[in-house]
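The values are calculated or read from the model by the stated rules, or taken from the named source; none is laboratory data. Source: prediction; values computed, not measured. Backbone-built Cβ (ideal geometry, glycine too); neighbour counts: all protein chains shown. Surface areas here come from the heavy atoms of the whole protein model, side chains and all, with no ligands, DNA or RNA. Shrake-Rupley method; radii C 1.70, N 1.55, O 1.52, S 1.80 Å.
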Amino acid sequence: MIRINENYLKLQASYLFSEIRRRTDEFQEANPDKDIIKLGIGDVTRPLPQACIEAFHRAVDEMADDATFRGYGPEQGYEFLREAIARVDFQDRGADVSPNEVFVSDGAKCDTGNIQEIFATDINIAIPDPVYPVDLDTNVMAGRTASFSDGRYGDITYLESTRENGFIPDLPGENVDLIYLCFPNNPTGATITESQLQAWVDFARENKALILYDAAYESFIQDPNLPKSIFEIEGAREVAIEFRSFSKTAGFTGTRCAYTVVPKSCMAYADKGGAHSVHDLWFRRQSTKFNAVSYPVQRAAEAIFSEEGRAQAMALIDYYLKNAKLIRKEIEALGYECVGGENSPYIWIDGKTDSWKFFDLLLEKAGVVSTPGAGFGKCGEGYIRISAFNNYENVQLAMQRIRQALS
Ligand SMILES: *Cc1c(COP(=O)(O)O)cnc(C)c1O
């Protein structure tokens, strides 16, 4: 008899985005003339930078010619892309990362979801609350958690992000082995300072733990004092892996390209056999189960690092940050407390009421779709997330309608 992985039965029905869609559709049906503005989902809306499009086209043409056709590429990604990443994203900023420590992939979602399988099932994990749901659910699937009750899984150390701690979790009081951190944060938009991140790196070194650092929103950081990479922090090369993505940086959500940095000095331990290279384990995993990103997509990603590509990608970020700034200004003027929106495309708003109630209020009174914070974890209750991914004109209109609805 074929049996299932019963850990899947522990998963909570991921009703967040389907419930948002259901309520939105229901409202639209009842109010067919109402124009609804969507500031809910974390997906970009603007097209790829022109430099990427041109490189993409050129690479497709190369695939049409005997002399330039390419089959399977190198497992870790083409050297041309890994070199550009190591140089521009790390070495130029004083972070010690070499091209052979970069693993190109088709998404940070897959990488953050897959990485846990190289570690033991009975390790202690620390997961933020609120959280990017992938980090939590992939560990539930792997059997690292007990059952769900009262809004939480057993056997997890939740790292709470609250107003009291400025949305930067405190170091855990207990022993943990694997730590998930994400900055700038999804969903809160909060950022971490160098000294706060240093404390996490020091903690990981003392405890022989490993930090999984999700920096998918790194390119939104404007404040020059904030770290863009965990590898700008002393000692991080021994205890951290970093995930990055071109999805939010350059509009690649539908094109698919990301990368993970696994330093050669990063170690994990076996009960009997001492220290093992995490890089070797991840290489083994990727070369067994993954067959690299398509050549044209890697060429398109490489173009982000050209002079025009960088300027065009930066213009995209600036566009969304202008939206974010407007959202934050307007919401604060209405007397609501917010975090994010300055170095992040997300604004996390204390709705002073139940998350779903506030969601319904914005939908019904202003025709604006947000994301209820409760869908990201217990600590998200009472909050909503507004995303800056839309046209400026729509954001202006949304804010005007929210102002009328709430004041
Ligand atoms: C959007 C996002 C990613 C990127 O995922 P891709 O699979 O590369 O598109 C990763 N982490 C977080 C927290 C995100 O919000």
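Heavy-atom accessible area with a 1.4 Å probe sorts E332, E242, largest first, into E332, E242. The heavy atoms of R237 offer some 60 square angstrom of accessible surface to a 1.4 angstrom probe. Mind giving me the FRET efficiency for K264 and K208? R0 is 22 Å, r the Cβ-Cβ distance, nearest 0.05 is fine. After rounding to 0.05, the efficiency reads 0.80.
Cross-link pairs exceeding 27 Å between alpha carbons, from the set K109/K329; K109/K378; K34/K109; K109/K357; K10/K264; K272/K378: K109/K329; K34/K109; K109/K357; K10/K264; K272/K378. Its residue count N fixes a reference of 2.2 N^0.38 Å for segment 119-277, and the Cα radius of gyration divided by that reference is 1.03. Remark: segment 121-138, residue by residue, has Karplus-estimated 3J(HN,Hα) of 6, 9, 6, 8, 10, 10, 10, x, 9, x, 9, 5, x, 4, 4, 7, 5, 5 Hz, where x stands for each Gly or Pro and the curve is 6.51 cos²θ - 1.76 cosθ + 1.60 at θ = phi - 60°.
Rounded to the nearest 5, the antiparallel percentage of DSSP beta bridges internal to segment 209-296 is 65%. Less than 5 angstrom separates the built amide H of E160 from those of D129, D170, all sequence-distant by 5 or more or on a different chain. Near Y259, the amide H atoms lying under 5 Å from its own belong to S105, R244, S245, F246; only residues 5 or more places off or on other chains count, and H is placed 1.01 Å from N.
What is the local net charge at S161, summed over the other residues whose Cβ is closer than 12 Å to its Cβ (Lys, Arg +1; Asp, Glu -1)? Counting the neighbours of S161, the net charge comes to -2.
From the convex hull of the Cα coordinates of segment 240-356, what is the mean projected area in square nanometres?
12.0 nm²
Rolling a 1.4 Å probe over the protein heavy atoms gives the chain an accessible area of 45 Å² per residue. Karplus-derived 3J(HN,Hα) values for segment 280-288, using 6.51 cos²θ - 1.76 cosθ + 1.60 with θ = phi - 60°, are 4, 5, 5, 4, 4, 5, 5, 6, 7 Hz; glycine and proline are entered as x. Largest first, the residues K272, K10, K357 sort by 1.4 Å accessible area into K272, K357, K10. For segment 360-377, putting each phi into the Karplus relation 6.51 cos²θ - 1.76 cosθ + 1.60 with θ = phi - 60° gives couplings of 4, 4, 5, 5, 6, 8, 10, x, 10, 9, 10, 10, x, x, 4, x, 9, x Hz, in residue order, rounded to whole numbers and with x for Gly and Pro. Say R0 is 41 Å: what FRET efficiency, to the nearest 0.05, do R22 and E234 get from their beta-carbon distance? The pair R22/E234 has a calculated efficiency of 0.25. Only protein heavy atoms count here; on that basis, with a 1.4 Å probe, H276 has an accessible area of about 80 Å². With q set to 0.06 Å⁻¹, the log10 of I(q)/I(0) for the chain, from the Debye formula over equal scatterers at the Cα positions, is -0.25.
Taking 0.36 nm per residue of separation and subtracting the Cα-Cα distance, full extension of the segment from K352 to L11 would add 119.9 nm. A simple count of charges around S407, restricted to other residues whose Cβ falls under 15 Å of its Cβ and scoring Lys, Arg +1 and Asp, Glu -1, yields +3. In plain terms, the chain from R93 to E174 could stretch by 25.8 nm, reckoned as 0.36 nm per residue minus the Cα-Cα distance. Shown are Y15, Y259, whose ranking by accessible area with a 1.4 Å probe and every protein chain present, most to least, is Y15, Y259.
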